[in-house]
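Presented below is the structure to which this report refers.
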Amino acid sequence: MSEPRSLHFIEEIVEADKASNKWQGRVHTRFPPEPNGYLHVGHAKSIVLNSSLARRSGGKFNLRFDDTNPEKEEQEYVDSIIDDVKWLGGDFEDRLFYASDYFAQMYEWAEQLVKKGKAYVCDLSAEQMREHRGTLTEPGRNSPFRDRSVDENLDLLRRMKAGEFAPGSKTLRAKIDMTSGNINLRDPVMYRIMKERHHRQGDAWCIYPSYDWAHGLEDSIERITHSICTLEFENHRPLYDWFLDQLGIYHPQQIEFAKLQLTYTVLSKRNLLFLVKEKYVSGWDDPRMPTIRGMRRRGYPSEALRAFCEDIGVTKNDTVIDLVRLENAVRDHLNTTAPRRMAVVNPLKVVITNWPAGQVEQVEVQNNPEDEKAGMRTVPFSGELYLERDDFMEEPPKKFFRLSPGREVRLRGAYFIKCESVVKDATGAVTELRCTYDPSTKGGTAADGRKVKGTIHWVSAQHALDAEVRLFDRLFSAEFPGQAHEGKPGVDRPFLLDLNPGSLVVAKAKVEPSLATERPGARFQFERLGYFCVDLDSKAGALVFNRTVALKDAWAKEVAAEESAPKPAAPAKAPEKKKEPAPPAGPAPEIEFADFTKVALKAGRVLTAEKVEKADKLLKLSVDLGEGAPRTIVSGIAEAFSPESLVGRNVVVVTNLKPRALKGIESRGMILASGSGKSLSLINPGDVPPGTDVK
RNA sequence: UGGGGCGUCGUCUAAGGGUAGGACAUCAGACUUUGACUCUGAGUAUCGUGGUUCGAAUCCACGCGCCCCAGCCA
């Protein structure tokens, strides 16, 4: 391995504290999630930071649920969080705690502050409190209830606790300084009245502590030494310190670090929840989600996630980590641990014309060239095979060294084969290759020492298993999702405009027979393609594999560079699912489509989209068709698409229809789509300029 | 225009008065029964302006830029 990395700033603080014996040599950290959602990579960084800080110092690490708000918290989230933290290797042993278990102690301390004259019951409504708070540049004003007597405050607080007052009617506030430049110090709320059932406490409480009041107390009770949180809590530290100092109780040190941000990813709970609720993804565990559950299902090993978190460092700089760093960490781990298998994702049939009819040979292949101990396996070889369609080109460019007419390649672990002829269908598409093999190249080395440049993977047609392969790509196609669309009129959630339409491609693959009985979660490298794992949905006879991450592909990069360099506007080669020219959706059943050739199809770009009044299926779109002025088109796709998800999107438009009025709006054209209702999908013309003819 | 924080290669991140180093990305090459892995090489950075000093990314001053804060959320 390389040099041991230097300590990051929090490790340095910990080391200094150990040296000065500040905490009697103890190190005790915690991860304090609120159980109101699923954990994501950002949390992983925090879990790894806190747990490894404890581990490398022989200290302790707690998992504590910060469950102080019964409105949004649920047992479901508690369970998933515990499971995810364990999976990540956050070892909290038996130290699983709940802030709600400390409610009685917290309340006692609150009475203490009241008795000291440091807290008061305030009758201001939320709105009045906001008015009194002042602004960023103007000081606040004291609450008219600020000077109530200790006795009155105590009485009121007890009656708040007893449930005598309506939710929202009173709060307990710390008496600090309404003129502070730090707004958090302007008499923050300690308790609010909420008559909600708590997921653990039931109806035992009707006042609930706020974060600022509760958090330091929780840390204090657990004798935490270093209370690590993200940068946005920096402004809260004076409050954290104030409460603990007023109470004179054990006082941990709060330290802030910059949270993780990733390119091509959104990480806010709100946005992730939206993606799930609005079905842009299949759920919290959709393998494209940056949630721990999503990454687990995708096949990311926890070791890789931890290595990534250690690798990116810990600072106070507000930075964005390139997603490829995560992907590299995953490849790195899988390269040494994942057994190799052969699978053909886009099969092209090959007949070996000189192979003895009916003969089957068992070929020995290495399971993992990076790991001798992984051993060998046998793979059946026969006269009819499937190869990857991309591994053949009828007219290859110079640097292509795979199969093409007259050329020889090695079939991994088997023989050299040479392409003798190409079989095509009526449309000219290649349907089959006729090849010969050289019996003297068994195992993949030629007796005469001749070399071949290309080695490709294969499966035997009669032995191959059918499998569904889910090819995942990044969920967003923009480095900073939504950033380019910020502030556009009518766009509530700009990140939706950057959703990557190719983030999931489902393919029918042919895989080698050894994969028949693998269990969900098992990870492999499909040679030359990428790392895959068996999905939860997989069953014997109906195998499903998820592509965890593709292998790096220098050839694809070269091809892409070639395409984009000389030609003006190369269409993106996004792997699209084949789409039938389905009947166009929309409110136009009476239009004749008997003769499809008369229909003019052009690519268009949606400029604006809005709902049509009194029509829940219709959207009014303004579409740029490269004609100067955009066209107004009314389309019956509102069940499947929100207006904001359409803006900026490329669509196929039938342009030579007679204009017709819908709900009083003249519609000049029709959007091409397939399916119906909620599962409607739009035909994508690719990345071409508006006005381009679509064939 | 209040308070708090942060500015080093394209992106992360070291260097804490003494040669600006590493990783990822990029490009070029070697190796290769995975166009993977591995290896070699290349280029690119201290926000600005002054000051202190033999010497400044580092200390000081003044600017500039970015982030966070006006929930009875966390």
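The values are calculated or read from the model by the stated rules, or taken from the named source; none is laboratory data. On a predicted model such as this, the values are computed, not experimentally measured, just so you know. All Cβ positions, glycine included, derive from the backbone under ideal geometry; neighbour counts span all protein chains shown. Quick note on the areas: whole protein, heavy atoms, side chains included, nothing else; ligands and nucleic acids left out. Shrake-Rupley method; radii C 1.70, N 1.55, O 1.52, S 1.80 Å.
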Item to check | Rg/Rg_ref, region A:303-453, where Rg_ref = 2.2 N^0.38 Å and atoms are Cα | outcome: 1.39
Item to check | Net charge of Cβ neighbours under 10 Å - reference A:E310; Lys, Arg +1; Asp, Glu -1 | outcome: +2
Checklist entry - With each label point set 7 Å from Cα along the Cα-Cβ vector, what nm distance links A:V422 and A:K86? => result 5.6
Checklist entry - With +1 on each Lys and Arg Cβ and -1 on each Asp and Glu Cβ, how big is the dipole of region A:328-439 about its Cα centre, in debye rounded to the nearest 20? => result 160
Item to check | Coil-residue trypsin sites (Lys or Arg not before Pro) of region A:437-487, DSSP, other Cβ within 10 Å capped at 12 | outcome: A:R450, A:K451, A:K453
Checklist entry - Rounded to the nearest 0.05, what FRET efficiency do A:E93 and A:N346 have when you use their Cβ-Cβ distance and R0 = 41 Å? => result 0.25
Next on the checklist: Of A:G140, A:Y107, A:Q128, which is farthest towards the positive pole of region A:99-149's charge dipole, taken about the Cα centre with +1 and -1 on the beta-carbons of Lys, Arg and Asp, Glu respectively?
Outcome noted: A:G140
Checklist entry - Can you put A:I312, A:I224 in order of accessible area, largest first, using a 1.4 Å probe? => result A:I312, A:I224
Next on the checklist: Just to verify a number: what accessible area does A:I176 come out at with the full protein assembly present, 1.4 Å probe, Å² rounded to tens?
Outcome noted: 40
Checklist outcome for this item: Within region A:85-203, pairs of Lys residues whose Cα atoms are less than 14 angstrom apart, provided they are eight or more positions apart or on distinct chains, add up to 6
Checklist entry - Can you put A:H251, A:H28 in order of accessible area, largest first, using a 1.4 Å probe? => result A:H251, A:H28
Checklist entry - How much accessible surface area, in Å² rounded to 10, belongs to the heavy atoms of A:T431 with a 1.4 Å probe? => result 60
Item to check | Label-point gap, in nm, between A:F274 and A:D318 - each point 7 angstrom along Cα→Cβ | outcome: 2.0
Item to check | 12 Å beta-carbon shell around A:S169, net charge (K/R +1, D/E -1) | outcome: +2
Next on the checklist: To make sure I understand the rule: partners must be aspartates and glutamates, Cα under 15 Å from the Cα of A:K22, and not fewer than 8 residues away in the same chain. Which ones qualify?
Outcome noted: A:E11, A:E12
Checklist outcome for this item: The long-range amide H neighbours of A:I255, using H built 1.01 Å from N in the peptide plane and a cut-off of under 5 Å, are A:S227, A:I228, A:C229
Checklist entry - Just how large is the dipole of region A:1-154 about the Cα centre, in debye to the nearest 20, putting +1 at every Lys and Arg Cβ and -1 at every Asp and Glu Cβ? => result 780
Checklist outcome for this item: Using a 1.4 Å probe on heavy atoms of the protein chains only, the accessible area for A:H215 in Å², nearest 10, reads 10
Checklist entry - Where in region A:246-271 does the label zone of A:E232 land, with the point 7 angstrom along Cα→C-beta and an amide N cut-off under 18 Å? => result A:255-263, A:265-271
Checklist entry - If you average 1/r over every pair of different alpha-carbon atoms in region A:311-371 and take one over that average, what Kirkwood value in Å do you get? => result 16.7
Checklist outcome for this item: So the FRET efficiency between A:K259 and A:T336, C-beta based with R0 = 35 Å and rounded to 0.05, is 0.70
Checklist entry - If you add up the charges near A:F480, with Lys and Arg at +1 and Asp and Glu at -1, over every other residue whose beta carbon is less than 11 angstrom from its beta carbon, what do you get? => result -3
Item to check | Loop-resident sites, region A:90-127, for GluC sites (Glu not before Pro), counting at most 16 other Cβ within 10 Å (DSSP) | outcome: A:E93
Next on the checklist: Using only the heavy atoms of the protein chains and a 1.4 Å probe, how would A:I228, A:I183 rank by accessible area, largest first?
Outcome noted: A:I183, A:I228
Next on the checklist: Could you work out how much longer the chain between A:D177 and A:D79 gets when fully extended? Use 0.36 nm per residue separation minus the Cα distance between them, nm to one decimal.
Outcome noted: 31.2 nm
